[in-house]
Amino acid sequence: MSIDNIIQEAVSRAVKELYGVDTPAGEVVLQATRREFEGNLTVVVFPWVKAARRAPEQVAAAIGEWLVANEPAVKGFNAVKGFLNIVVEPRAWNGVLAAIAADPSYGFTEAGADAPLVMVEYSSPNTNKPLHLGHVRNNLLGYSLAQILAACGNRVVKTNIVNDRGIHICKSMLAWQKWAGGATPESRGVKGDHLIGDCYVDFDRHFKAEVKELMDKGMTEDQAKEASPLMAEAREMLRRWEDGDPEVRALWERMNGWVYAGFDDTYRRMGVDFDKIYYESQTYLEGKAKVLEGLDKGLLYRRDDGSVWADLTAEGLDHKLLLRADGTSVYMTQDIGTAKMRYDDYPIDRMIYVVGNEQNYHFQVLSLLLDRLGFSWGKDLVHFSYGMVELPTGKMKSREGTVVDADDLMASMVADARRVSDEMGKIQGLTDEEKDAVAEIVGLGALKYFLLKVDPRKNMMFNPAESIDFNGNTGPFIQYTYARMRSVLRRAAEAGHTAGDYSAAVPCEREIALIQRLADFPSTVAEAGRSFSPALIANYAYDLVKEYNQFYHDCPILRETDPALLSLRLTLTEVTARTVAAAMGLLGISVPERM
């Protein structure tokens, strides 16, 4: 039983005996004692003031006196208004540490066969361009959220929807036909997604030149865009694709194959994966069929021009187009189709879409439509709406080729990690191969941590130089502290020191503070799952390593001569290292054994 549980149950008994009030232990509110007061845990006593007919400070003092007399885990107390600050008997913390050390899955809840099935969708790339910085934040948030939800006892399915059809895809295909000269990823020595992304940029450049030429002849910009011969060719290619033209479909499959191979390499280095991938080219027809089914049931309506709409005015929204007059589908239709296929494949209890906050309205509408069309989880779907990543140089624009490419970004972060590590002497004594491996771990860890430590709902500014710092709230700082812990444990083993019985040790203030921080891990994981916030895990990891560094500075470990204290400190180091690795693992971040 944890210290929190012991204190809660003791307080429950105290208020029953003192004031005749039945209070379940779980309803006793505890919080960490503020630093300016003596104590470890604070009880809020206001719920019993009315029944006691005493001033809040008198109630706190009475409960404190009862605890000192009747609960061995309580050494002392002080009352400040309606707050009872409890000093826990120092040796009681040894039992807390022992319980944590004995649990290899500490902080995690195993998912049973009947646990809720949660599906998390993230990534959602287009096949006309490589992944960029915005996709990196999306993928890292989605993957981390899936890890956290699994740690909270859910069954989790990680899924991706690839936008592999539409006019934007045809633009890249047409550009490849016209200006790529039959190039392949192999012939150019580039990843397939980069080759196709270059084609997309080529199309935009030629399209803009056409529009300018037409505007110089007197057309407005809108007229020029509509009259562009290049855009007309792209529309014709889309029509041929929709009709199943063998030549267009063969080119589409070939180019998409190049892109998928490129995506796989990026995902692999980023450290994210998926249990199931869906493709818009397969789901949009399912969506169209589901919309027509809803039309037949009177859930939707058709206008005079043949288009199909949903009337959402009763829900405070407007009318939403689902099928155009020519029968073609819109994005909403595709999402309905994807939902149907997923519902057919899995008995989903909850669906979470990891998509930027510019799509808030889209998912508000989707939730209503799915509920109307009969999906039991539709009304409760979660749009994990996150803010955009901003850059010092402004917003990213894929058509102009000014995006921060994900592959280039990861390579740059690893190179920076190697350079900074060399300059600071962090990786001395390692072979070149080991240095490269550490640089990979540290560079990607810096990128991931910087993007995940911020509240996901906020826009953020990405600064690579700040992220690679070995001091402050950064991934490298946490990784370096972890490597320090592993070094301590290796040196202890080399000296013949092992952690034995430490029940007789009297932990000092620093040791107690570290044990308390470790004890917070399960509740932090649970809260991160409830609030969909990897940032809580990231900042917990930072606070934990800060606490460890203070302990390391104030409490000698390998120089300690008292066997019980040495065992206590080695156990603290081992358990803290394990917890840091577990927390960082929930963020998809590796930790190096040596630095």
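The values are calculated or read from the model by the stated rules, or taken from the named source; none is laboratory data. All figures in this text were calculated on a predicted structure; none of them were measured in a lab. Don't worry about glycine lacking a Cβ; one is built from the backbone with ideal geometry, like all the others, and counts go over all protein chains shown. Heavy atoms of the whole protein, side chains included, go into the accessibility calculation; ligands, DNA and RNA do not. Shrake-Rupley method; radii C 1.70, N 1.55, O 1.52, S 1.80 Å.
State which residue is surrounded by the fewest Cβ atoms within 10 Å (Cβ to Cβ) when the search covers only the stretch 128-177 and only residues that are aliphatic (A, V, I, L, M) and in a strand (DSSP E or B).
My answer is VAL157.
Within the bounds of the stretch 205-215, is there any residue that is open to solvent by less than 70 Å² (accessible area, probe 1.4 Å), out of contact with any Pro (no Cβ under 7 Å at 6 or more places or on another chain) and within 22 Å of TYR331 (Cα to Cα)?
no
Of the conditions (1) touching a residue at least 12 places away in the same chain (Cβ under 8 Å); (2) part of a helix (DSSP H, G or I), GLU433 satisfies every one except a single condition; which number is it?
(1)
When you scan the stretch 80-103, do you find a residue that is small (Gly, Ala, Ser), out of contact with any Cys (no Cβ under 8 Å at 6 or more places or on another chain) and open to solvent by less than 10 Å² (accessible area, probe 1.4 Å), even just one? Lay out the reasoning, then the answer.
Taking the stretch 80-103 and keeping what is small (Gly, Ala, Ser), we get 82, 92, 95, 98-99, 101-102.
Still in the running and out of contact with any Cys (no Cβ under 8 Å at 6 or more places or on another chain): 82, 92, 95, 98-99, 101-102.
Keeping just the survivors that are open to solvent by less than 10 Å² (accessible area, probe 1.4 Å) gives 82.
Yes, that holds for at least one residue.
Checking the condition within 30 Å of ARG510 (Cβ to Cβ), touching a Pro at 6+ places or on another chain (Cβ under 9 Å), in contact (Cβ under 8 Å) with a residue 12 or more places away in the chain and of a type in the set (Val, Ile, Thr), which residue from VAL15, VAL44, VAL28 passes? Before you say what the answer is, go through the steps one by one.
Numbers: VAL15 fails: within 30 Å of ARG510 (Cβ to Cβ); VAL44 fails: touching a Pro at 6+ places or on another chain (Cβ under 9 Å).
The unique qualifying residue is VAL28.
From SER467, SER412, which residue is modelled with pLDDT under 95, under 30 Å from ASP265 (Cβ atoms), within 25 Å of the chain's Cα centre (by Cα) and surrounded by fewer than 20 Cβ atoms within 10 Å (Cβ to Cβ)?
SER412
How about the stretch 220-275: which helices (runs of 4 or more DSSP H) wholly inside it have at least 2 residues that are among the polar types (S, T, N, Q) and closer than 30 Å to VAL156 by Cβ?
246-270
Only one of these conditions is not met by GLY298: (1) assigned to a strand (DSSP E or B); (2) on the phi > 0 side of the Ramachandran plot; (3) among the small types (Gly, Ala, Ser). Which number is it?
The one condition GLY298 does not meet is (1).
Evaluate the following for VAL330: is it farther than 19 Å from ARG239 by Cα and among the β-branched types (Val, Ile, Thr)? Talk me through it step by step, then tell me what you get.
Details: farther than 19 Å from ARG239 by Cα: no; among the β-branched types (Val, Ile, Thr): yes.
No: the conditions fail for VAL330.
Go through the stretch 69-79 residue by residue and tally those that are open to solvent by less than 60 Å² (accessible area, probe 1.4 Å) and either of a type in the set (Val, Ile, Thr) or assigned to a loop (DSSP other than H, G, I, E, B) (or both).
Within the stretch 69-79, residues that are open to solvent by less than 60 Å² (accessible area, probe 1.4 Å) and either of a type in the set (Val, Ile, Thr) or assigned to a loop (DSSP other than H, G, I, E, B) (or both) number 3.
Tell me, which residue of the stretch 237-253 that is modelled with pLDDT under 95 and among the acidic types (Asp, Glu) is farthest from ASP202 (Cα to Cα)?
This residue is ASP243.
If you take the residues in the stretch 300-342 that are small (Gly, Ala, Ser) and open to solvent by 40 Å² or more (accessible area, probe 1.4 Å), which one is nearest to GLY166 (Cα to Cα)? So that I can check it myself, show each step before the final result.
Filtering the stretch 300-342 down to residues small (Gly, Ala, Ser) leaves 306-307, 310, 314, 316, 325, 327, 329, 337, 339.
Within this subset, residues satisfying the condition of being open to solvent by 40 Å² or more (accessible area, probe 1.4 Å) are 314, 316, 325.
Numbers: ALA314: 32, GLY316: 31, ALA325: 17 Å.
It comes out as ALA325.
I'd like the residue in the stretch 302-329 that is among the charged types (D, E, K, R) and part of a loop (DSSP other than H, G, I, E, B) and, out of all such residues, is modelled with the lowest pLDDT.
Out of the qualifying residues, it is ASP326.
Could you tell me whether any residue of the stretch 156-175 is more than 18 Å from TYR279 (Cβ to Cβ), basic (Lys, Arg) and touching a strand residue (DSSP E or B) at 6+ places or on another chain (Cβ under 6 Å)? Can you show your working first?
Looking only at the stretch 156-175, we keep the residues that are more than 18 Å from TYR279 (Cβ to Cβ), and these are 156, 171, 174-175.
From what's left, basic (Lys, Arg): 171.
Right, trim to touching a strand residue (DSSP E or B) at 6+ places or on another chain (Cβ under 6 Å) and you get none.
No, the stretch 156-175 contains no residue that is more than 18 Å from TYR279 (Cβ to Cβ), basic (Lys, Arg) and touching a strand residue (DSSP E or B) at 6+ places or on another chain (Cβ under 6 Å).
Would you confirm whether any residue within the stretch 271-280 is of a type in the set (D, E, K, R), free of Cβ contacts under 8 Å to residues at least 60 places away in the same chain and open to solvent by 70 Å² or more (accessible area, probe 1.4 Å)?
No, the conditions are met nowhere in the stretch 271-280.
Considering every residue within the stretch 309-321, establish whether at least one is touching a residue at least 60 places away in the same chain (Cβ under 8 Å) and farther than 17 Å from HIS168 by Cα.
yes
What are the pairs, 6+ residues apart or on separate chains, where a residue within the stretch 243-254 that is in contact (Cβ under 8 Å) with a residue 60 or more places away in the chain has its Cβ under 8 Å from a residue that is open to solvent by 40 Å² or more (accessible area, probe 1.4 Å)?
Once the first residue is in contact (Cβ under 8 Å) with a residue 60 or more places away in the chain and sits in the stretch 243-254, its partners that are open to solvent by 40 Å² or more (accessible area, probe 1.4 Å) give VAL248/ARG240; LEU251/GLN177.
So in the stretch 50-68, with the set limited to residues that are loosely packed, with under 14 Cβ neighbours inside 10 Å and not in a helix (DSSP H, G or I), which one is farthest from the chain's Cα centre (by Cα)?
Going through the qualifying residues, I end up with ARG53.
Kindly indicate which of VAL442, VAL454 is surrounded by 23 or more Cβ atoms within 10 Å (Cβ to Cβ), among the aliphatic types (A, V, I, L, M) and in contact with a helix residue (DSSP H, G or I) (Cβ under 8 Å, 6 or more places away or on another chain). Even if it seems obvious, please write down each step before you answer.
Details: VAL454 fails: surrounded by 23 or more Cβ atoms within 10 Å (Cβ to Cβ).
From the options VAL442, VAL454, the qualifying one is VAL442.
Just to be sure I understand, how many residues within the stretch 80-127 are more than 32 Å from the chain's Cα centre (by Cα) and assigned to a loop (DSSP other than H, G, I, E, B)?
The total comes to 5.
So which of VAL59, VAL49, VAL43, VAL28 ends up being of a type in the set (Val, Ile, Thr), at negative phi and touching a strand residue (DSSP E or B) at 6+ places or on another chain (Cβ under 6 Å)?
Result: VAL43 is the single residue among VAL59, VAL49, VAL43, VAL28 that is of a type in the set (Val, Ile, Thr), at negative phi and touching a strand residue (DSSP E or B) at 6+ places or on another chain (Cβ under 6 Å).
Restricting attention to the stretch 25-34, does a residue exist that is in contact with a helix residue (DSSP H, G or I) (Cβ under 8 Å, 6 or more places away or on another chain), of a type in the set (Ser, Thr, Tyr) and either modelled with pLDDT of 95 or more or crowded, with 20+ Cβ neighbours inside 10 Å (or both)?
No.
For the stretch 1-12, which positions are more than 16 Å from ALA60 (Cβ to Cβ) and surrounded by 16 or more Cβ atoms within 10 Å (Cβ to Cβ)?
Across the stretch 1-12, the qualifying residues are ILE3, ASP4, ILE6, GLU9.
Might you check whether a residue that is over 36 Å from the mean Cα position of the chain (by Cα), more than 30 Å from LYS212 (Cα to Cα) and at pLDDT 95 or above occurs anywhere in the stretch 254-268?
no
Among the residues of the stretch 437-448, is there at least one that is over 30 Å from ARG205 (Cβ atoms) and at pLDDT below 90?
No, the conditions are met nowhere in the stretch 437-448.
Somewhere in the stretch 183-190, is a residue under 17 Å from GLY257 (Cβ atoms), in contact with a Gly (Cβ under 6 Å, 6 or more places away or on another chain) and crowded, with 16+ Cβ neighbours inside 10 Å?
Among the residues of the stretch 183-190, at least one is under 17 Å from GLY257 (Cβ atoms), in contact with a Gly (Cβ under 6 Å, 6 or more places away or on another chain) and crowded, with 16+ Cβ neighbours inside 10 Å, which makes the answer yes.
How do the pairs read when you match residues in the stretch 406-428 that are over 21 Å from PHE462 (Cα atoms) with residues anywhere that are exposed (fewer than 13 other Cβ atoms within 10 Å of the Cβ) and not hydrophobic (A, V, I, L, M, F, W, C), using Cβ under 9 Å and keeping only pairs 6 or more apart or on different chains?
Close Cβ pairs (under 9 Å, with a partner that is exposed (fewer than 13 other Cβ atoms within 10 Å of the Cβ) and not hydrophobic (A, V, I, L, M, F, W, C)) amount to ASP422/GLN428.
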